[in-house]
Structure formats: C-alpha cells, structure tokens
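The values are calculated or read from the model by the stated rules, or taken from the named source; none is laboratory data. Predicted model only: the values in this text are computed from it and were never measured. Counting neighbours? That spans all protein chains shown, and the Cβs are built from the backbone with ideal geometry, glycine included. Accessible surface areas use protein heavy atoms only, side chains included; no ligands, DNA or RNA. Shrake-Rupley method; radii C 1.70, N 1.55, O 1.52, S 1.80 Å.
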Amino acid sequence: MSSPVELESFGNWRGVSLEVAPWDTGHAQVDLSAACMFTHELDSTGIKGGLLHLDQALGGRLTALRRSGSFKAKFMETLLVSTPPTGVQAKSLLIVGLGTPSAWTADITAHAVSVAVRTAVQRGDRSMAFAPSLLDSGLNLERTVDITRGMVKAVIDTIEAQLRIAECGLANAPVLCRVVFDVGASRIDMTRESFRDSFQIVAADVPVTGENEPPSDKREEQ
C-alpha cells in the first residue's frame, strides 16, 4: 500500500470537493480512477508516464486489448476494469477512448470528463479521479495547456444533470463527494492555480436553483 497523497481542493460544487493530486491513475486512492487513451500514439515510442505505469500494473493487457481490437479507444469508447490487480489503489478503473490524436481538441477531453463523472455517479461511487493522459500519448504541453476550464465545466454540468435526474425521481441521489484531477508532481502548483481560476469563472456562469449545497442528507462526509 502506497503512502497517502496530500489532496488539495480548489473548489466545491453541490457538496462535491474538486481536488488535484500528484498521482497517476494506478495510484489514485478512490473508488473509480479514470484515464484516457487514443487509438494510437503520435510517435513510435508508445505510451509513457502514468498511462504506461497503468499498463504495466495491468500486465500489459491494456495495450494488448487495443492491439487485438477488443478495446480500440475510439471516441468515447469505454473499458471498465472492475477487478484491478493488486498494486492498483483504486477499486475500479475506467479507460475512456479519445479517438485519433491528430483530431484531438480540448472539447474531446471535456467529453471524457463527463463520461467519467456520469459513470461514477451511476455506479454509486463516492470518489473518483481523472487523468487526461495527453502528455502520456505524445501531445505536447503547449497544445494541452488550456484544458482546465473545459474539464471543470464538464464536472459541474454533469453533476447538475445527474441531480436533475434524481429530482425527477428517475435515479437515486448521487453520493459522489470527491472528484480528483491527476496532475504531474512537477506541475502541481501551476495546475492547481489554473484549476482554481477555472472553477471561479465556470461556477459564476452556471445557474443553479437554491443554494450550492447537496440536495439531501444522503451525501455524507467520507
């Protein structure tokens, strides 16, 4: 078991703490840990960083499934690993396909965030983590630097949608209380500030009914 990682909150929406942590998908200590994957990488070196660490923790089966076509990582295709091996800290893993890397835009990663949050809510998870996995797939930092606002908006919009569904009596009230974004340790300070600024901008533009609080007492402190 790895040592606990200090989580830093940059905002709270409807009782859901939004946080950043310097860990990768395989080491995220949450109910559902999500990563992203393209149909292929931009160069011949293959995946790297946290996505490579995850594939290694899975015994190479993630990339093997992609090679075989069982999981092609097409746009918003998902792979749920409900029984991860020893060494993976999360109770379950979710891999979200991003499609072709040359066609990537920030909106695609925002879509992936929505898929991951919706999956966590529908599963009844209390905590989840999300890794964009862009640098791990060969995209450069300059191309991916402005993605935080879209990711934060995707979280807030998805939480709002799931609350409306519950209020209509079509689903149980969400119990999700933590969403953690995985960031590289070397960029933690810069990324935290970017997420905090993005949250303030997005939260100010989202209309809500009533107070920005959980709609029921079903969400307990973890």
Which of the residues spanning the stretch 132-155 are outside any loop (DSSP other than H, G, I, E, B), of a type in the set (A, V, I, L, M) and out of contact with any Ser or Thr (no Cβ under 6 Å at 6 or more places or on another chain)? Leu135, Leu141, Met151, Val155
For Arg219, which of the numbered conditions (1) at pLDDT 95 or above; (2) among the charged types (D, E, K, R); (3) surrounded by 14 or more Cβ atoms within 10 Å (Cβ to Cβ) fails to hold? (1)
Mind listing just one residue for me: the one in the stretch 132-161 that is modelled with pLDDT of 95 or more and in contact with a Leu (Cβ under 8 Å, 6 or more places away or on another chain) and, of those, farthest from Arg196 (Cα to Cα)? Ile159
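To keep it simple, each residue is scored yes or no on (1) touching a Cys at 6+ places or on another chain (Cβ under 9 Å); (2) open to solvent by 40 Å² or more (accessible area, probe 1.4 Å); (3) within 19 Å of Phe181 (Cα to Cα); (4) of a type in the set (Asp, Glu).
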position: Lys72; (1), (2), (3), (4): no, yes, no, no
position: Ser92; (1), (2), (3), (4): no, no, yes, no
position: Ala103; (1), (2), (3), (4): no, yes, no, no
position: His111; (1), (2), (3), (4): no, yes, yes, no
position: Thr119; (1), (2), (3), (4): no, no, yes, no
position: Arg126; (1), (2), (3), (4): yes, yes, yes, no
position: Ala129; (1), (2), (3), (4): no, no, yes, no
position: Leu141; (1), (2), (3), (4): no, yes, yes, no
Do the conditions hold for Ala129, that is, is it part of a strand (DSSP E or B) and under 15 Å from Leu18 (Cβ atoms)? yes
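Restricted to the stretch 34-68, and to residues that are among the aliphatic types (A, V, I, L, M) and part of a helix (DSSP H, G or I), which residue is surrounded by the fewest Cβ atoms within 10 Å (Cβ to Cβ)?
The initial filter retains those residues of the stretch 34-68 that are among the aliphatic types (A, V, I, L, M), namely 34-35, 37, 42, 47, 51-52, 54, 57-58, 62, 64-65.
With part of a helix (DSSP H, G or I) added as a condition, the list becomes 51-52, 54, 57, 62, 64-65.
Details: Leu51: 27, Leu52: 17, Leu54: 27, Ala57: 21, Leu62: 24, Ala64: 13, Leu65: 18.
Restricting to residues being among the aliphatic types (A, V, I, L, M) and part of a helix (DSSP H, G or I), the top hit is Ala64.
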